[in-house]
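Peer 1: Dropping a structure here in structure tokens format, bear with me for questions.
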Amino acid sequence: DAGVTQSPTHLIKTRGQQVTLRCSPKSGHDTVSWYQQALGQGPQFIFQYYEEEERQRGNFPDRFSGHQFPNYSSELNVNALLLGDSALYLCASSETGNWDSPLHFGNGTRLTVT
Amino acid sequence: ELKVEQNPLFLSMQEGKNYTIYCNYSTTSDRLYWYRQDPGKSLESLFVLLSNGAVKQEGRLMASLDTKARLSTLHITAAVHDLSATYFCAVDISTSGTYKYIFGTGTRLKVLA
């Protein structure tokens with residue numbers, strides 16, 4: 001049973017560029033959340049997708065956008081990259097209605113903006 | 001502003017010693033989670049605490065939740081080197097059970113041989 005998988009594992013981009021990160025949820029999960037973890041910090045909630053719609057959003061600018069596909073996989077897009085966007089981006093999945101279970105996290109994508 | 005605060009932020013302890021990590025949060029929530037993160041790795045779920053007075057134990061770690069005090073503790077008994085990692089608490093602040101977690105700042109634990 002595959003867990004949450006993310007790609008790529010590492011990425012280096014230049015300021016002003018755009019990036020797309022990908023996530024496949026754990027089997028049986030239908031909700032995907034994205035978190036940004038800066039070095040030495042706790043993860044911060046970006047947004048959450050369920051039924052192909054953004055359901056909740058954290059305090060992130062519109063440069064951060066996402067998408068969920070019918071197979072529940074998801075993409076995180078970041079436009080006009082800034083140096084401050086350098087971080088570990090974590091995808092987490094869950095099963096709607098199974099509120100007693102914690103979020104399951106992927107291994108993350110390490111994004112470096114130069 | 002919603003806050004989840006952990007203390008200490010850094011903890012260096014000798015093997016065999018006991019210690020407690022504290023997690024205070026500023027909003028009403030009945031769902032609190034503890035995660036472990038090794039350097040460069042993802043988050044591993046340790047405990048799920050879903051009600052006031054909940055206590056969970058796994059090996060040398062024990063977690064508890066006091067929703068009235070808005071406080072959770074993670075107690076380490078007879079620490080071993082393998083417990084060295086960063087520990088995060090997280091509070092689910094969603095009103096409809098939709099998994100919006102607010103994470104604490106993390107406690108970086110180093111267990112010295």
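Peer 1: Of the conditions (1) within 12 Å of the chain's Cα centre (by Cα); (2) under 30 Å from B:R108 (Cα atoms); (3) open to solvent by 60 Å² or more (accessible area, probe 1.4 Å); (4) more than 11 Å from chain B (Cβ to nearest Cβ), A:S24 fails just one. Which one is it?
Peer 2: Of (1) within 12 Å of the chain's Cα centre (by Cα); (2) under 30 Å from B:R108 (Cα atoms); (3) open to solvent by 60 Å² or more (accessible area, probe 1.4 Å); (4) more than 11 Å from chain B (Cβ to nearest Cβ), only one is false for A:S24: (3).
Peer 1: Kindly indicate which of B:R60, B:R36, B:R70 is open to solvent by 30 Å² or more (accessible area, probe 1.4 Å) and under 23 Å from A:L39 (Cβ atoms).
Peer 2: Among B:R60, B:R36, B:R70, only B:R36 is open to solvent by 30 Å² or more (accessible area, probe 1.4 Å) and under 23 Å from A:L39 (Cβ atoms).
Peer 1: Tally the residues that are among the basic types (K, R) and within 11 Å of chain A (Cβ to nearest Cβ), restricting the search to region B:71-113.
Peer 2: Counting residues in region B:71-113 that are among the basic types (K, R) and within 11 Å of chain A (Cβ to nearest Cβ) gives 2.
Peer 1: With the condition kept exactly as written, say whether any residue in region A:9-16 is within 14 Å of chain B (Cβ to nearest Cβ) and assigned to a loop (DSSP other than H, G, I, E, B).
Peer 2: Yes, some residue in region A:9-16 is within 14 Å of chain B (Cβ to nearest Cβ) and assigned to a loop (DSSP other than H, G, I, E, B).
Peer 1: Okay, next question. Residue by residue through region A:72-99, note down the ones that are modelled with pLDDT of 95 or more, over 16 Å from the mean Cα position of the chain (by Cα) and on the phi < 0 side of the Ramachandran plot.
Peer 2: Across region A:72-99, the qualifying residues are A:L82, A:L83, A:G84.
Peer 1: So B:S29 ticks every box in (1) outside any strand (DSSP E or B); (2) among the small types (G, A, S); (3) within 14 Å of another protein chain (Cβ to nearest Cβ); (4) open to solvent by 30 Å² or more (accessible area, probe 1.4 Å) but one. Which box is left unticked?
Peer 2: (4)
Peer 1: Looking at B:S12 and the list (1) facing chain A (nearest Cβ under 10 Å); (2) over 23 Å from A:E95 (Cβ atoms), which single condition is not satisfied?
Peer 2: (1)
Peer 1: Looking only at region A:74-114, how many residues end up being aromatic (F, W, Y) and in a strand (DSSP E or B)?
Peer 2: Total satisfying the criteria: 2.
Peer 1: Scan region A:65-114 for residues that are facing chain B (nearest Cβ under 8 Å) and closer than 13 Å to A:T5 by Cβ and jot them down.
Peer 2: Result: A:L90, A:A92, A:H104, A:F105, A:G106, A:N107, A:G108.
Peer 1: Still on this structure: Can you tell me which residue within region A:50-64, out of those that are modelled with pLDDT under 95 and open to solvent by less than 50 Å² (accessible area, probe 1.4 Å), is nearest to the other protein chains (Cβ to nearest Cβ)?
Peer 2: Out of the qualifying residues, it is A:Q56.
Peer 1: Do we find a residue being crowded, with 21+ Cβ neighbours inside 10 Å and either within 11 Å of another protein chain (Cβ to nearest Cβ) or within 21 Å of A:Q48 (Cβ to Cβ) (or both) anywhere in region B:45-54?
Peer 2: Here is the first cut: in region B:45-54, the residues crowded, with 21+ Cβ neighbours inside 10 Å are B:47, B:49.
Right, trim to either within 11 Å of another protein chain (Cβ to nearest Cβ) or within 21 Å of A:Q48 (Cβ to Cβ) (or both) and you get B:47, B:49.
Among the residues of region B:45-54, at least one is crowded, with 21+ Cβ neighbours inside 10 Å and either within 11 Å of another protein chain (Cβ to nearest Cβ) or within 21 Å of A:Q48 (Cβ to Cβ) (or both), which makes the answer yes.
Peer 1: Hey, could you check region A:27-49 for residues that are open to solvent by 70 Å² or more (accessible area, probe 1.4 Å) and within 14 Å of another protein chain (Cβ to nearest Cβ) and say which is nearest to B:N7 (Cα to Cα)?
Peer 2: Filtering region A:27-49 for residues that are open to solvent by 70 Å² or more (accessible area, probe 1.4 Å) and within 14 Å of another protein chain (Cβ to nearest Cβ), the one nearest to B:N7 (Cα to Cα) comes out as A:Q41.
Peer 1: Which members of region A:76-103 meet the condition of being surrounded by 13 or more Cβ atoms within 10 Å (Cβ to Cβ) and among the acidic types (D, E)?
Peer 2: A:D85, A:E95
The values are calculated or read from the model by the stated rules, or taken from the named source; none is laboratory data. Because the structure is a prediction, the values reported are computed rather than measured. All Cβ positions, even for glycine, are placed from backbone atoms using ideal geometry, and neighbour counts span all protein chains on display. Surface accessibility is based on the protein's heavy atoms, side chains included, excluding ligands, DNA and RNA. Shrake-Rupley method; radii C 1.70, N 1.55, O 1.52, S 1.80 Å.
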